[in-house]
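Working notes for the structure below.
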């Protein structure tokens, strides 16, 4: 499985304020494009009404910001606080989240294409009804999160904490959980057909199949 890396320009325009860049873009009805934002912060009430292309966010505080229904392409979020941010119904293409705090972030009904989440804390996140293709989730915490009704195509989970995460009606065929913590995950049982697990994990999951392991 190959995930495309974000296509970031070699020379990005440095911009301290995403709020100002966003305001200009909205006034001029254009995208926020080709910029690097360092230590930027937005108020919780801000609604992003512009698409974001070819941008890097470093150590920003974007908690509770609403990005819903926007297009994000070739974007990197590094060391950002995105807790409770709303990315619902977004199209994310070649987007990378590195070492971000994403507690309770909402990605419901979003489309993920070549998205990477590396070393992130996304506990209690909502990814229900998302459609994911060629994505990688590594060394991240998705405990108590929701993946209900997700569609997975060439998706990798590597060393992730999925404790008590919900996977109802999310077919898991070919999903490899062998390096992940999946204790207490919630599903009906049918979703497990074709999933890849360890022998120990299989014993724990047997309860969903009506088996008694002695």
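Answer with a single label: of (i) 31; (ii) 44; (iii) 39, which was calculated as percent of Cα pairs over 27 Å apart from the structure in view?
It is the one labelled (i).
Any chance you could check the Cα centroid distance between segment 1-53 and segment 161-214 for me, in angstrom?
Each part reduced to its Cα centre gives a spacing of 38 Å.
Taking segment 1-111, how much of its Cα-Cα pair set, in percent, is spaced more than 16 angstrom apart? Display every interim value, and only then the final one.
Working: 3446 of 6105 pairs.
Summing the P(r) tail past 16 Å for segment 1-111 gives 56 percent.
Relative to the longest principal Cα axis of the chain, at what angle does helix 18-28 sit, 0 to 90 degrees, rounded to 10?
70
Find, to one decimal place in angstroms, the Kirkwood hydrodynamic radius of segment 113-203, where the mean of 1/r is taken over every pair of different Cα atoms and then inverted. If you can, show how the numbers build up before the last one.
Numbers: mean 1/r = 0.0785 Å⁻¹.
It works out to 12.7 Å.
What nm value, rounded to one decimal, do you get for the distance between residue 207 and residue 45 when each label is placed 7 Å out toward the C-beta?
Each label point lies 7 Å from its Cα, and together they span 4.6 nm.
Using R₀ = 25 Å, calculate the FRET efficiency as 1/(1 + (r/R₀)^6) where r is the Cβ-Cβ separation of residue 58 and residue 176; round to 0.05.
Values: r = 31 Å, r/R0 = 1.26.
Calculated value: 0.20.
Only Cα pairs within less than 10 Å get springs; with that Gaussian network setup on the chain, which residue of 160, 90, 203 has the largest fluctuation?
Largest GNM mean-square fluctuation: 203.
Each reported figure results from applying straightforward, stated rules to the coordinates on display, with no laboratory input. Remember, predicted model here, so these are calculated numbers, not experimental data. Neighbour counts are summed over all protein chains in view; Cβ atoms, including those assigned to glycine, are modelled from backbone coordinates with ideal geometry.
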